[in-house]
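Worksheet: the structure to be examined is printed underneath.
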Amino acid sequence: MPYYRYHVFFCTNQREFGAACCQDHGARALRDYAKQRVRALGLSGAGGVRINLAGCMDRCSEGPVLVVYPEGIWYTYVDTADIDEIVDEHLLHGRPVERLRI
């Protein structure tokens, strides 16, 4: 059994010289929001959900992106409403959010 039920990685990479990157879309702030939301719902910790930062995940043109393991489901998102939907549907109820999958 894995240590976490879900392990979520948010790309927060900032590229130089104006190249497309997830941080251009406020990825770090939305990762912080997700972490707070997971904690508020009592989902964080061993046996629950872990929200982590990640460097470049090489999907810059589809960004911002996050990936949920162990399934390896990739998402893009725009705002806190999208993060809420991923948390509520996927992380709380185990239902991937098809409209945000990439």
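For the chain, what proportion of DSSP beta bridges, expressed in % and rounded to the nearest 5, is antiparallel?
Antiparallel: roughly 55 percent of the beta bridges in the chain.
Which of the cysteines in the chain are isolated, no other cysteine C-beta under 4.7 Å?
Isolated Cys, the chain: C21, C56, C60.
How large is ³J(HN,Hα) for each residue in region 52-69, as worked out from phi by the Karplus curve 6.51 cos²θ - 1.76 cosθ + 1.60 (θ = phi - 60°), to whole Hz, x for Gly and Pro?
10, 7, 9, x, 4, 10, 6, 10, 3, 5, 9, x, x, 10, 9, 10, 10, 10
Need the C-alpha centroid separation for region 1-25 versus region 67-85, integer Å.
That distance is 11 Å.
So, counting K/R as plus one and D/E as minus one, what does the shell of residues with Cβ under 9 Å around W74 add up to?
+1
Angle check, please: helix 27-40 long axis (alpha carbons) against the longest principal axis of the chain (alpha carbons), in degrees 0 to 90, nearest 10.
So the helix axis and the longest Cα principal axis differ by about 10 degrees.
Farthest toward the dipole's positive end in region 24-68, which of A46, A27, G63, given Cβ charges of +1 (Lys, Arg) and -1 (Asp, Glu) about the Cα centre?
A46
To the nearest 500 deg cm²/dmol, what mean residue ellipticity at 222 nm is calculated for the chain from DSSP H runs of n ≥ 4 alone, each contributing -39,500 (n - 2.57), summed and divided by the residues?
Rounded to the nearest 500, the figure is -6000 deg cm²/dmol.
Over the chain, what is the mean sequence separation of C-alpha contacts under 8 Å (at least six apart), divided by residue count, expressed as relative contact order in percent?
Result for the chain is 32 percent.
By the scheme Lys and Arg +1, Asp and Glu -1, what is the net charge of all other residues having a beta-carbon under 15 Å from that of Y33? Mind showing how you got there, number by number?
Numbers: positive: R28, R31, K35, R37, R39; negative: D32, D79, D82, D84, E85, D88.
Within the 15 Å Cβ shell, the charges total -1.
Leaving ligands, DNA and RNA out of it, report the carbon-plus-sulfur percent of the accessible area of the chain at a 1.4 Å probe.
50 percent
At 1.4 Å probe size, with every protein chain present, just tell me what the per residue accessible area of the chain comes to in Å².
54 Å²
Which of (1) 1.15; (2) 1.08; (3) 1.01 is the computed Cα Rg over 2.2 N^0.38 Å for the structure on display?
Read-out taken from this structure: (3).
The values are calculated or read from the model by the stated rules, or taken from the named source; none is laboratory data. Quick caveat, the model's predicted, so the values are computed rather than measured. Every residue, glycine among them, receives a Cβ derived from its backbone with ideal geometry; neighbour counts consider all protein chains shown. Note: areas computed on protein heavy atoms with side chains; ligands, DNA, RNA excluded. Shrake-Rupley method; radii C 1.70, N 1.55, O 1.52, S 1.80 Å.
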